[in-house]
Amino acid sequence: MNVYQSIFAGFKEKRKQLAILVDPDKTSPDNAKKIARECDKLKVDYLFVGSSLLMNGDLELCIEELRKNCSLPVVIFPGNNLQISPKADAILFLSLISGRNPEMLIGNHVIAAPHIKSSGLEVIPTGYILIDCGRITSVHYMSTTLPIPSDKNDIAICTAMAGEMLGLKTIYLDGGSGADKPIPAKMISLIKEHINIPLITGGGIRNTSQAKESWEAGTDLLVVGNASEKDPEIIKQIIDVRNDMNA
Ligand code: 1GP
């Protein structure tokens, strides 16, 4: 089963899934090793790796450490078209459909396409929707796009529907890493009602009740980054919530 088939199986079976996002800039090789072992032990579903902007981090080395130390699928969540590595299992091929920056809708994809092709990576076409969750995050700034206001459910729903109609295989609703608050549950549930492809959400999840609320609202695959870097214990707590919901 490839990565998308596994995400899709969870969606079909209404089984909640969790991805831990690893930022190579904030994660030393030694830390990557620890995270991989811990996530493997806890049976996290996927490791996402990437960053809006990489200063010193080594993406290749980070992926290598993750792969060496766990059996979980490693998926690149690229901040830009430099973040491609054949060492991962798959890449989210993100089209930033909430924005109107042509580079984020098709320009970067054209540049990246031959490199991704030759890398042999599994490609997961993803409708990426940024929501304003209280602050301008790196992804908002770096993408030079306006996020959808968090009370504009109609715009978010229509954007997600258009993404599905364009043939994208999953919708990723993101408040951006370090968002003040998570995506509102109401928005998640409304989008869930209007699309029939897996829904990924993330940004600003800091505790188990926020994770539970996002899953209950309709998230199929929840992404947690910052909180797991600050307190690795949170991964276990969120996994307990996932296991209870899937029991
Ligand atoms: C960001 O959805 C991810 O793109 C995760 O966000 O780091 O806030 O958990 P956090």
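The values are calculated or read from the model by the stated rules, or taken from the named source; none is laboratory data. On a predicted model such as this, the values are computed, not experimentally measured, just so you know. Cβ sites come from the backbone with ideal geometry, for glycine too, and all protein chains shown count toward neighbours. For the accessible areas, the whole protein counts, side chains as well, though only heavy atoms, and no ligand, DNA or RNA atoms are used. Shrake-Rupley method; radii C 1.70, N 1.55, O 1.52, S 1.80 Å.
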Q. For the range 50-103, what are the residues that are within 14 Å of the ligand (Cβ to nearest atom) and not in a loop (DSSP other than H, G, I, E, B)?
A. 75, 76, 92, 94, 96
Q) Among the residues of the range 111-158, how many are surrounded by fewer than 21 Cβ atoms within 10 Å (Cβ to Cβ), in a helix (DSSP H, G or I) and not basic (Lys, Arg)? A) 16
(Q) For residue 7, only one of the following conditions fails: (1) more than 13 Å from the chain's Cα centre (by Cα); (2) in a helix (DSSP H, G or I); (3) closer than 17 Å to residue 220 by Cα. What is its number? (A) (1)
**Q.** Residue list for the range 134-173, restricted to those being of a type outside the set (Ser, Thr, Tyr), at pLDDT below 95 and on the phi < 0 side of the Ramachandran plot
**A.** 135, 136, 139, 140, 142
Q: Among the residues of the range 200-244, count how many are open to solvent by 60 Å² or more (accessible area, probe 1.4 Å) and either closer than 21 Å to residue 187 by Cα or polar (S, T, N, Q) (or both).
A: 7
Q. What do you reckon, is residue 124 of a type in the set (Val, Ile, Thr) and under 15 Å from residue 98 (Cβ atoms)?
A. no
**Q.** Subset of the range 177-196 [surrounded by fewer than 19 Cβ atoms within 10 Å (Cβ to Cβ) and away from the ligand (no atom under 13 Å from the Cβ)]
**A.** 185, 186, 189, 190, 193, 194, 196
**Q.** Long-range neighbours under 7 Å by Cβ, at least six apart or interchain, first residue closer than 21 Å to residue 90 by Cβ and among the aromatic types (Phe, Trp, Tyr) within the range 151-180, second within 16 Å of the ligand (Cβ to nearest atom) and open to solvent by 10 Å² or more (accessible area, probe 1.4 Å)
**A.** 172/128
